[in-house]
Amino acid sequence: MGMTDLDLATTRRDITDALLTALERRHEVLDAIVDAENRAEAVATVATLLGKSKLGAEAILGMSLEQLTKDERRKNQAELDDLNNALTFTLAERPASSGDTLELRAFTADDADLFKVRTEELKVAGDGSGSPAGDLSDEIAKATERVDNEDAVWLVALEGTTKVGLVFGELINGEVDVRIWIHPEHRKKGYGTAALRKSRSEMAADFPGVPMVVRAPSA
């Protein structure tokens, strides 16, 4: 399954943003690369130095020197301002696993607080039907039952110990309907894309051979 347009746009924004930040701090970046033992160490160091994804750091290391010219830098800025411009450099051909620090784990009753925020925002049930949300404890009880029956997989996305969002996979008519919800405080950081990438292998393991359908987030 190819990356969705949303995936691509987010990935491109991450990469472009990382390159522009690297240019602003080019002396530090160059020092970090020169001091690194090998590529992997350089990628990790640059990602940490700039607070960017590993994908962004990979792009920085893959830059050609002509991209440092004023003309190319103006193009990068235009790309960030308007993601519909053609990208002069693209990692779309090799979508690495951005958001490598994100972890997914099974949803538990302790995550009711997170589900509550999601439900207050979207006001729909957690099952993907689009019907109005029921009582919180009922919603969670029903979800637990679906998970136990292997009709659903609910996951919590974690950045360190911070819960940043939820991934819902519901088995409907022979397909896994996957929805991603990221907490409002943690949006626009690429977590949605990272959660989507991570959840693919998770869903494939839980629902072997079942096609995945990714629903665009309603919020």
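The values are calculated or read from the model by the stated rules, or taken from the named source; none is laboratory data. Remember, it's a predicted structure, so these values are computed and weren't measured experimentally. Positions of Cβ are backbone-derived with ideal geometry, glycine not excepted, and every protein chain shown enters the neighbour counts.
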Tell me, which residue of region 147-164 that is of a type in the set (A, V, I, L, M) and over 14 Å from Ala195 (Cα atoms) is surrounded by the fewest Cβ atoms within 10 Å (Cβ to Cβ)? Val147
Please count how many residues of region 165-201 are in contact with a Gly (Cβ under 9 Å, 6 or more places away or on another chain), in contact (Cβ under 8 Å) with a residue 60 or more places away in the chain and surrounded by fewer than 18 Cβ atoms within 10 Å (Cβ to Cβ). 1
Can you pull out every residue in region 106-139 that is under 21 Å from the mean Cα position of the chain (by Cα) and either surrounded by 15 or more Cβ atoms within 10 Å (Cβ to Cβ) or in the same structural domain as Ala57 (by TED's automatic domain parsing) (or both)? Phe107, Asp111, Leu114, Phe115, Val117, Arg118, Thr119, Leu122, Gly126, Gly128
Test result for Asp177, over 29 Å from Thr11 (Cα atoms) and in contact with a strand residue (DSSP E or B) (Cβ under 6 Å, 6 or more places away or on another chain): no
Can you name the strands (runs of 3 or more DSSP E) wholly within region 128-219 that have at least 1 residues being modelled with pLDDT of 90 or more, among the hydrophobic types (A, V, I, L, M, F, W, C) and in contact with a Leu (Cβ under 8 Å, 6 or more places away or on another chain)? 152-159, 162-172, 175-182
Quick check, is Glu121 in a loop (DSSP other than H, G, I, E, B) and at pLDDT 90 or above? no
What is the one condition in (1) farther than 29 Å from Arg179 by Cβ; (2) modelled with pLDDT under 70; (3) under 20 Å from the mean Cα position of the chain (by Cα) that Phe89 does not satisfy? (3)
Quick check: is even one residue across region 21-33 modelled with pLDDT under 90 and in contact with a Leu (Cβ under 6 Å, 6 or more places away or on another chain)? yes
